[in-house]
Amino acid sequence: MNAPTERPRARQLRPLRALLPYLAPYRRQIALALLFLVLSATATLALPAAIRQLIDHGFAAEVADPAARMAAVRAQFGGIAAVALALALFTGARFYMVTWLGERVTTDLRRDVYGHVLVQSPAFFETLKTGEALSRLTTDTTVIQNAVGSSVSMGLRNGVLFVGALAMLVYTNPRLMLLVIAVLALVVLPAVFFGRRVQRLSRASQDRIADSSALAGEILNAIPVVQSFTAERAETERFAAVAERAFSTSLRRTGARAALIAFVMIGVFAALIFGVYFGVQAVVEGRLTEGELAQSALYVMFAGGAVAVLAEVWGDLLRASGATERLMELLDARSDIADPPSPRALPAPRGGVALQFDAVRFAYPSRPQRAVLDDFSLDIRAGETVALVGPSGAGKSTIFQLLLRFYDVGGGAIRLDGVPLPELRLADLRSRIALVPQDATIFSADAMENIRYGRPDASDEEVIAAARAAFADEFIAALPEGYKTFLGERGVRLSGGQRQRIAIARAMLKNAPLLLLDEATSALDAESERIVQRALEAAMRDRTTLVIAHRLATVQRVDRIVVLDHGRIVESGRHDELVARGGLYARLAALQFDL
C-alpha cells in the first residue's frame, strides 16, 4: 500500500511542536497573555449586548418626553463607553504580552540555532552554504516571530470570539445560530485543501529565498574577483534568475492564500447576509426587537469575521510550520566530531607536546574514494620543530585539520602526549593548539579585539606585547586610532602582510604548546618576512611546532623536514641531508634556489 502523498490535516502543523520547549520557560507570560486575551474577547462580546440595550431602552423606548428619552440614551452610552475602555486596555496589554513572547522565543531560537551550527564539523558545511544558514537564521525566524507574536494570538482571540458569538446566538436566537453554522461549515473543507497547498508552497518559497541569500553571500565575499573578471553583469543576471524563481514561488503561495481568504470571505458574507435577512423577517413578524436584531447581526458578524481571520491565521501558521521544519533540520544535525562520553585528561604541558601519527589513513567525506593520507606514520618529540613540505595535494593541510580534529581519521590513530585525539574533549585538545593559517582571518572589530581573540581574558598590555613580538605594533600604532581602529570587514583596511602579522600575534597571545604554521609568511614581502621569521623562531621556543611551507628558504633551520607526496612520507631529514640525497626535496629546492 502506497504512502499518502498528502499529510493529514492534523500533521500539517506538527513541526510547530518543536517550539514548545522555547515557550515552556515563559509560562507566567503566557498565562498573562491568555488572561488579557480572554478579557479583551469578553469585552468585545459585551458590545452587542450594550448596543441592544441602547436601541431597545434608548432609541426605541416608549417615552414621549424627548428629554427623558435623551437621558435614557446617555445612560446606555455610559455602559458602551465602559466596555470600549475595557476593550482598549485589555487589547493593548494582550498585544504587549504576545509581542514580547514572539520576540523572546525568536531570540532564543536564533541563539540556539547559531550556537548549534558553530559546533558542526567542516563536513557539515560541505553541503550547507553559509548564505542558506543565514537565511534560516533571519528569514525563517522572522516568520516564526510573526506567528508566535501575532498569528497565534489573533487565532486564539478569534477562536474565543467565534465560540462566544455562537454561544450568544444560542442564547438569543438559536435558529439563526444553526443557519450560521450551516453556511460556515461549507467553508471548512475547501479551506483545508487550500491550506495544504499553502504549506507546500511556503516551504518552497523559503527554500528559494535561501538560494538567493546563499548566492548573494558567496558573490559579496568575492567582490574583488568578480570585478577583476568584469563579471558584474553576469552575476547580476544570475542573481536575478534566482530572485525571479523565488518571486514565482512566492507568487504561487500568495495566490493560494488569496484564494483561501477570498473563499472564506464569501462564506462569511453569505452567513451575514442570510442572518440579517432572516433576522429582519423575524422583526417584521414580531419575534425579535430591533435591538435583538442588531445584537444578533453583530454576533453573526463576529462569528463570520472570526472564521475569516482564522483562515488567514491558518495560512500564517502553515508558513511558520515550514520555517520551523527548516530550522529543526539544522538543530537536528549532529556532528560526527563530538566529545567522548568519558574524556581523558591531558598532562600539564612541559616544553611542547609529543605527537604520534600511527598508520593514519584519511579521505574527505565528499571524496571517500580518494585517500589524502595513506599509511602515514610520524613521531614528533615535544619541543621539536618539523616542517611539512611537498607538492600541492600531498596532504600537508589535511594533517593540520586532523590535529585540530575537524575530521576523524579513517584508519590508524593520532595521539597527543600518548592520548588518542577522540578520547579528549574538543576544548581541551584545541586549547593546546595555536594556528596561523595561510589566509589570515580578520574580524569586523578593532585591532585590539582581533588579537585578543587568541585569549579573550588577556589584558591590553598582554595584547600589545604579543603585537610587538609579531612585529605588528608599529603599523597598528600608526593607524588613526591605534589599537582601537576598526579594521573593516575581513580586514579590508589592511595589507595582506599586516593581516598575517595580526594572525601571528593572535597565536602568540594564545601561547599554546603546539603551534601550527600554515604558510605563515606567504603574504609578506622579503623584508617583513625576515622580521616575522625571527618572531616566529622566538615563538617556536619551548613548544612543538609544525610548519607547512612551499618556500623552502623559511624551513632550512628547522629540526626536521618531512617530505610528503600523495599522502605518504617519501623523505625525512635536515635541509642539507635532503639536498644531498637528490630526491623530491632536492628537485623542489633546485627550482627555488637554482641549485
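For Arg415, the criteria (1) farther than 21 Å from Val119 by Cα; (2) part of a loop (DSSP other than H, G, I, E, B) hold in every case but one, which is (2).
Scanning the range 132-148 for residues that are within 19 Å of Arg17 (Cα to Cα) and either surrounded by fewer than 21 Cβ atoms within 10 Å (Cβ to Cβ) or of a type in the set (Val, Ile, Thr) (or both) turns up Leu137, Thr141, Thr142, Val143, Ile144, Asn146, Val148. Of all residues in the range 68-89, at least one satisfies being open to solvent by less than 30 Å² (accessible area, probe 1.4 Å) and modelled with pLDDT under 75.
The number of residues in the range 375-389 being crowded, with 18+ Cβ neighbours inside 10 Å and either touching a helix residue (DSSP H, G or I) at 6+ places or on another chain (Cβ under 6 Å) or of a type in the set (Asp, Glu) (or both) comes to 4. The listed residues are Arg319, Arg361, Arg326, and the only one of them that is closer than 30 Å to Pro420 by Cα and of a type in the set (D, E, K, R) turns out to be Arg361. For the range 428-486, no helices (runs of 4 or more DSSP H) sit wholly inside it while including 3 or more residues that are open to solvent by less than 10 Å² (accessible area, probe 1.4 Å), over 14 Å from Gln500 (Cβ atoms) and basic (Lys, Arg).
Residues that are over 20 Å from Lys510 (Cα atoms) and either exposed (fewer than 15 other Cβ atoms within 10 Å of the Cβ) or of a type in the set (A, V, I, L, M, F, W, C) (or both) within the range 391-401 comprise Pro391, Ser392, Gly393, Ala394, Ile399, listed in sequence order. Contact map, the range 368-382: residues that are in contact (Cβ under 8 Å) with a residue 24 or more places away in the chain paired with residues that are loosely packed, with under 14 Cβ neighbours inside 10 Å, Cβ distance under 6 Å, separation 6+ or inter-chain. Pairs shown: Asp375/Ala359; Ser377/Ala359; Ala382/Gly351. Being surrounded by fewer than 16 Cβ atoms within 10 Å (Cβ to Cβ), over 15 Å from Arg319 (Cα atoms) and at pLDDT 70 or above is true of Ser248.
Restricting attention to the range 340-368, report how many residues are open to solvent by 80 Å² or more (accessible area, probe 1.4 Å) and not small (Gly, Ala, Ser).
Step one: list which residues in the range 340-368 are open to solvent by 80 Å² or more (accessible area, probe 1.4 Å), which gives 341-342, 344-345, 350, 361, 367.
Then keep just the ones that are not small (Gly, Ala, Ser); that gives 341, 344, 350, 361, 367.
Going through the range 340-368 one residue at a time, the tally reaches 5.
Looking only at residues in the range 489-515 that are outside any helix (DSSP H, G or I) and without any contact (Cβ under 8 Å) to a residue 40 or more places away in the chain, the one that is surrounded by the fewest Cβ atoms within 10 Å (Cβ to Cβ) is Val492.
State yes or no: is Leu416 open to solvent by less than 40 Å² (accessible area, probe 1.4 Å), within 25 Å of Pro513 (Cβ to Cβ) and touching a strand residue (DSSP E or B) at 6+ places or on another chain (Cβ under 8 Å)? Can you show your working first?
Details: open to solvent by less than 40 Å² (accessible area, probe 1.4 Å): yes; within 25 Å of Pro513 (Cβ to Cβ): yes; touching a strand residue (DSSP E or B) at 6+ places or on another chain (Cβ under 8 Å): yes.
Yes, satisfied.
The values are calculated or read from the model by the stated rules, or taken from the named source; none is laboratory data. Please read all numbers here as calculations on a predicted model, not as lab measurements. Reconstructed Cβ throughout: ideal geometry from the backbone, glycine too, with neighbour counts over all protein chains shown. Quick note on the areas: whole protein, heavy atoms, side chains included, nothing else; ligands and nucleic acids left out. Shrake-Rupley method; radii C 1.70, N 1.55, O 1.52, S 1.80 Å.
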